[in-house]
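Have a look at the structure below before the remarks.
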Amino acid sequence: MPENMNNRLCNLCSNAVFTELGELHGRKLVKCDDCGLVFFDPLPTAEELSAIYNDPEYFELEYFATGEIVEGDTHSEHQLYALEDASPVCSEESPLLDVGPGKGALLKQCKQRGVPAEGLEFSEIGAEYLRETVGLRVHGGSLEDLAKSGRKYGAVTAFDVIEHCTDPMGWLESVHKVLEGGGKFYLSTMTVDNLLDRVGRLLFNLGLKGPMLRLYPEFHLYYFDLTTLKRYLEQAGFEVLSQVSENYSPQKATKSVVMRMVMRCLYIVHDITGKKTNQYLVCVKR
């Protein structure tokens, strides 16, 4: 049922009426009745997020199982494409900035190939780990603070980051600020318009919360479809050059062999409809 939520306005369209999809992690998952943006209400506080990202267990999640580029993995392939496409315009004065590097797979490739690069990691323990293991400059803190410093970059990569932001529009505006004129921005995130997501919501309504708890973890705050993310980028001053849908690797999603088989079956429908679990975009600063 549509209702106002804590006097909050939609981060994308400023609408104030949302439909509740369910309650997870002690928060309401809502969908904007105007643009379709999905997010948690209320959002976690800065202190709550810091506690999550500075907990060593966060980096033990299956997503962080490897800090390397994996041959044949679509996510790795998009990371390598970004590196190869951006490398000609990156220099010591205007390096590549990798936001949210995880365990440093892309930064390691930059170092191996001699591409000037820096990282930005919100987690203090994550930033220190990267400095020690990768050996490149890794900034701590927020992108908004880095933008205020006046530092400029030839290209920015942010794979699976925007869903963690409390203010996606403000964050994208900061990406725009740190990019050199005509610089490219490479990003990825999940998308909520697919069969896997629909099955998760159906099971949730039947009383089985497990799949939805995995699809909507407490540290992912906003959820996009192809339309909402493109709209975000255009409003923030970017031109979208390409937007590609890919399915998330079952090996990275779960250790359960049964669940991997279920995902692969659902992915057959995804391949037919083109509505897959993740999206990868290449943009240019206008």
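The values are calculated or read from the model by the stated rules, or taken from the named source; none is laboratory data. This one's a predicted model, so the numbers in the text were calculated from it and none came from an experiment. Quick reminder, even Gly has a Cβ in these numbers, built from the backbone with ideal geometry, and neighbours come from all protein chains shown.
Listed here are the residues, each with its yes/no results for (1) within 15 Å of VAL175 (Cα to Cα); (2) of a type in the set (Ser, Thr, Tyr).
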residue	(1), (2)
ALA82	no, no
CYS90	no, no
VAL115	no, no
SER123	no, yes
ALA127	no, no
VAL138	no, no
VAL156	yes, no
VAL161	yes, no
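Among VAL89, VAL17, which is surrounded by fewer than 18 Cβ atoms within 10 Å (Cβ to Cβ), modelled with pLDDT of 95 or more and touching a Pro at 6+ places or on another chain (Cβ under 8 Å)?
Residue meeting the stated conditions: VAL17.
Could we say that SER188 is touching a helix residue (DSSP H, G or I) at 6+ places or on another chain (Cβ under 7 Å), at pLDDT 95 or above and outside the structural domain of PHE18 (by TED's automatic domain parsing) here?
yes
Within the group TYR280, TYR248, which residue is at pLDDT 95 or above, of a type in the set (Phe, Trp, Tyr) and in the same structural domain as VAL89 (by TED's automatic domain parsing)?
The match here is TYR280.
Name the residue that is farthest from the chain's Cα centre (by Cα), counting only residues in the range 28-64 that are among the charged types (D, E, K, R) and crowded, with 17+ Cβ neighbours inside 10 Å.
So, considering only residues that are among the charged types (D, E, K, R) and crowded, with 17+ Cβ neighbours inside 10 Å, the one farthest from the chain's Cα centre (by Cα) is LYS28.
Looking at the range 128-152, which of its residues are touching a Ser or Thr at 6+ places or on another chain (Cβ under 6 Å) and not basic (Lys, Arg)?
Scanning the range 128-152 gives LEU143, GLU144, ALA147.
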